[in-house]
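Everything below concerns the one structure shown next.
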Amino acid sequence: MSAFGAGKVILLGEHSVVYGHPALAGPLSQGVTARAVPAKSCQLSLPATLSRPQRAQLTAAFARAAEVTGAPPVKVSLEADLPLAVGLGSSAALSVACARLLLQAAGAEPSHKDAVRVAWAMEQEFHGAPSGLDHTTSAMEQLVLYRRKPGAAKGTGQVVDSPRPLHVVVTLAGERSPTKKTVGALRERQARWPSRYERLFTEIGRVSTEGAKAVAAGDLEALGDAMNVNQGLLAALGLSSPPLEEMVYRLRELGALGAKLTGAGGDGGAVIGLFLEPKPVVTKLRRMGVRCFSSQLAGPRAS
């Protein structure tokens, strides 16, 4: 018995989504696979590479999912082909994979709504008060414009269909700062100068909505421009850094329609570029020693 949870990239709208504005995100072909074998109780085989705090957090998150699904008697193991802790939704992918597997083991036919519900319990253990974007995108496995209005318990994801293939190249740059540190520093600045930062968040939300409309219209050039503008706004929020900026400009020099950081940002992390033909770009970047891969987020797929 096995189940898959997709990683994700945020094309537009990270950080502002936490403050009630829309964000555009899509699922990666890379993610986390959960496998189960019969056991006397519901249990998780912990990866040996985890630190003690990580093991404790994952154990607590899995216990939440087990409780919600009736604790089916299976032993669960995890496999990932997704870079971890770099802003690509690895905890959400893990949560969705476990949710689908436990629901399946409990005798249910897991819908994406069921997977979202169970994965949400795990994500709260991992992040405290997540926006809900990551695990919703992973569970729906479609490009979504997501928004959780201020004060709302849950957000909603609107599927955005693309008439053209939407490919991104995902690169890793620098050493990533802990998300809590990056988010906490931004929250402090926002609390000190609220009107200034709300203007920036509002504009990011507008750019995200414009980007979703561009995707639906098949205007990838307009989407790329929205990504470039979003990168400038993220830099204005103090979320970029020299390693991230260097990679953004490298991708643009290689022909990206748009390029930006994705995820929390900080000293390092993931940077994405929108390309019509991603394979030659991945080959060039790997020759340069850049860790990267490509993924199609939406649109017609080659048979």
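Observations on the structure shown:
- Test: residue in region 33-53 that is of a type outside the set (Gly, Ala, Ser), touching a residue at least 60 places away in the same chain (Cβ under 8 Å) and not in a loop (DSSP other than H, G, I, E, B): yes
- Residues of region 136-154 classified as within 19 Å of His15 (Cα to Cα), under 16 Å from the mean Cα position of the chain (by Cα) and in contact (Cβ under 8 Å) with a residue 40 or more places away in the chain, total: 8
- Helices (runs of 4 or more DSSP H) contained entirely in region 203-303, each with at least 2 residues that are of a type in the set (A, V, I, L, M, F, W, C) and within 19 Å of Gln30 (Cβ to Cβ): 242-253, 278-287
- Among (1) buried (at least 19 other Cβ atoms within 10 Å of the Cβ); (2) out of contact with any helix residue (DSSP H, G or I) (no Cβ under 7 Å at 6 or more places or on another chain); (3) of a type outside the set (S, T, N, Q) - the single one Ala34 does not satisfy: (2)
- Glu67 being among the acidic types (Asp, Glu) and crowded, with 23+ Cβ neighbours inside 10 Å: no
- The set of residues in region 18-31 that are open to solvent by 10 Å² or more (accessible area, probe 1.4 Å) and within 13 Å of Ser131 (Cα to Cα) comprises Val18, Tyr19, His21, Pro22.
- Taking the listed residues Ser91, Ser131, Ser138, the one that is open to solvent by less than 40 Å² (accessible area, probe 1.4 Å) and assigned to a loop (DSSP other than H, G, I, E, B) is Ser131, with no other qualifying.
The values are calculated or read from the model by the stated rules, or taken from the named source; none is laboratory data. Computed from a predicted structure; not experimentally measured. Glycine also receives a Cβ, built like all others from the backbone with ideal geometry; neighbour counts cover every protein chain displayed. Each accessible area value is taken on the protein alone, full model and side chains, heavy atoms only, with ligands, DNA and RNA left out. Shrake-Rupley method; radii C 1.70, N 1.55, O 1.52, S 1.80 Å.
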